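Presented below is the structure to which this report refers.
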Amino acid sequence: MTRHEMQMDPARRELLTGAAALAAMASVPLVATLAPAPVAAATPPVSTTQRKVMSTITTKDGTQLYYKDWGPKDGPVVAFSHGWPLCADAWDAQMFHLASHGFRCIAHDRRGHGRSSQPWNGNDMDTYADDVEELFTRLEVKGAMFVGHSTGGGEVARYIGRHGSKRVSKAVLMGAVPPIMVKSPNNPVGLPIEVFDGFRKAYLADRAQFFLDVASGPFFNFNRPGAKVSQGLIQSWYLQGMMTGFKNAYDCIKAFSETDFTEDLKKFDIKTLVIHGDEDQIVPIQGAAMLTVKLVKGAQLKVYKGGSHSLGDTSREQLNADLLEFAKS
């Protein structure tokens, strides 16, 4: 043990050691999954039999996307898009709940995240949306309810703006980044660009510590007085974040903060539910949900009083109930 380790706060040392051990163990079975696969000239839809054993598709540019496909294969589809810098695992509680009620639940690891491969290029909202279209086409998705959290909410918006609603019938934007996060003369309630420059600086200086700081504080509102802190959630967030490609996560900061989804939201022609916590410290509600509902015709807004950015964890029962109700409506 080094002198630095001996002087380190015991709780922090235990957290870092545990997270590192989990990351090391988790990396072993992923080698085969992350190995590059040849790009087929023409890839047919995935059959019901194939779905039982396959968990990846390869996109046109050779990127391998990992996905989960839970629940009855003939059930109504609910698709999920995760936040930065996480993966499909962030939706496990919601997918289990809905799949247990007869829905087919699909969630993918965005390119560069989780178990998907880590391409140098394509870390932008247009490509993210095109990846979703390829996934939906391969899995023959139709009439889906498409749910997006944070960056994933931007992915849902750009998907509809870019590919329309031929495969989706409902949308849910939860703690989502649209219309646009960064402040400008046209968006005075946004966050200054210096905030995101600070993200990038902290990320490059010490990515692991930056991820721990985000998870231990504002993401779950664990920095609020009286908060019930879950070390398990912190470690889960940290592990998912550290699985993300270094450049992919770095590029994604620009994608989620500076992409303008205004025109995408205006193209929504499906039932839309907007969910946001009024204590969201990552994506403040005034510059996000409150503007989105003005742009999406007929959108329904649900504000979670005291809700954090991670409602799927800190308001799990309420969110699960709301998603199930909306899916059945």
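The values are calculated or read from the model by the stated rules, or taken from the named source; none is laboratory data. This is a predicted model, so every value here is computed, not measured. Here Cβ is always computed from backbone atoms with ideal geometry, including for glycine, and neighbour counts include all displayed protein chains.
One line per residue, one yes/no per condition, for (1) modelled with pLDDT under 95; (2) in contact with an Asp or Glu (Cβ under 6 Å, 6 or more places away or on another chain); (3) closer than 18 Å to residue 110 by Cβ:
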{"site": "150", "(1), (2), (3)": "no, no, yes"}
{"site": "154", "(1), (2), (3)": "no, no, yes"}
{"site": "157", "(1), (2), (3)": "no, yes, yes"}
{"site": "168", "(1), (2), (3)": "no, no, yes"}
{"site": "178", "(1), (2), (3)": "no, no, yes"}
{"site": "186", "(1), (2), (3)": "yes, no, no"}
{"site": "204", "(1), (2), (3)": "no, no, no"}
{"site": "215", "(1), (2), (3)": "no, no, no"}
{"site": "232", "(1), (2), (3)": "no, no, no"}
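The set of residues from the stretch 165-195 being in a strand (DSSP E or B) and buried (at least 21 other Cβ atoms within 10 Å of the Cβ) comprises 168, 171, 172, 173, 174.
Being in a helix (DSSP H, G or I), without any contact (Cβ under 8 Å) to a residue 24 or more places away in the chain and either polar (S, T, N, Q) or out of contact with any strand residue (DSSP E or B) (no Cβ under 9 Å at 6 or more places or on another chain) (or both) holds for only one residue in 198, 161, 226, and it is 198. Selection of the stretch 201-224 for residues being more than 19 Å from the chain's Cα centre (by Cα), more than 30 Å from residue 321 (Cα to Cα) and not small (Gly, Ala, Ser) yields 201, 204, 206, 209. Looking across the stretch 282-295 at every residue that is out of contact with any Gly (no Cβ under 8 Å at 6 or more places or on another chain) and surrounded by fewer than 24 Cβ atoms within 10 Å (Cβ to Cβ), the one that is nearest to residue 310 (Cα to Cα) is identified as 284. Within this structure, residue 221 fails the test of being in contact with a Gly (Cβ under 6 Å, 6 or more places away or on another chain) and either over 23 Å from residue 94 (Cα atoms) or part of a loop (DSSP other than H, G, I, E, B) (or both).
Of the strands (runs of 3 or more DSSP E) contained entirely in the stretch 63-113, not one carries at least 2 residues that are within 18 Å of residue 154 (Cα to Cα) and polar (S, T, N, Q). The residue of the stretch 229-263 that is surrounded by the fewest Cβ atoms within 10 Å (Cβ to Cβ), among those that are in a helix (DSSP H, G or I) and small (Gly, Ala, Ser), is 232. Residue count for the stretch 175-222 under the criterion of being over 22 Å from residue 243 (Cβ atoms) and in contact with a Leu (Cβ under 7 Å, 6 or more places away or on another chain): the result is 5. Exactly one residue out of 281, 231, 240 is more than 25 Å from residue 126 (Cα to Cα) and in contact with a helix residue (DSSP H, G or I) (Cβ under 7 Å, 6 or more places away or on another chain), and it is 231. Restricting the first residue to the stretch 308-323 and requiring it to be more than 17 Å from residue 150 (Cβ to Cβ) and in contact (Cβ under 8 Å) with a residue 12 or more places away in the chain, which pairs with a second residue that is polar (S, T, N, Q) and buried (at least 18 other Cβ atoms within 10 Å of the Cβ) meet a Cβ separation below 9 Å and a spacing of at least six or different chains? Sorted first by the residue in the stretch 308-323, then by its partner, the pairs are 320/94.
Here's the yes/no breakdown for (1) over 12 Å from the mean Cα position of the chain (by Cα); (2) farther than 15 Å from residue 86 by Cβ; (3) hydroxyl-bearing (Ser, Thr, Tyr):
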| site | (1), (2), (3) |
| --- | --- |
| 124 | yes, yes, no |
| 130 | yes, yes, no |
| 138 | yes, yes, no |
| 141 | yes, yes, no |
| 145 | yes, yes, no |
| 150 | no, no, yes |
| 155 | no, no, no |
| 162 | yes, yes, no |
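Basic (Lys, Arg) and either assigned to a helix (DSSP H, G or I) or modelled with pLDDT under 95 (or both), is that true of residue 294? When the stated conditions are applied, residue 294 passes them.
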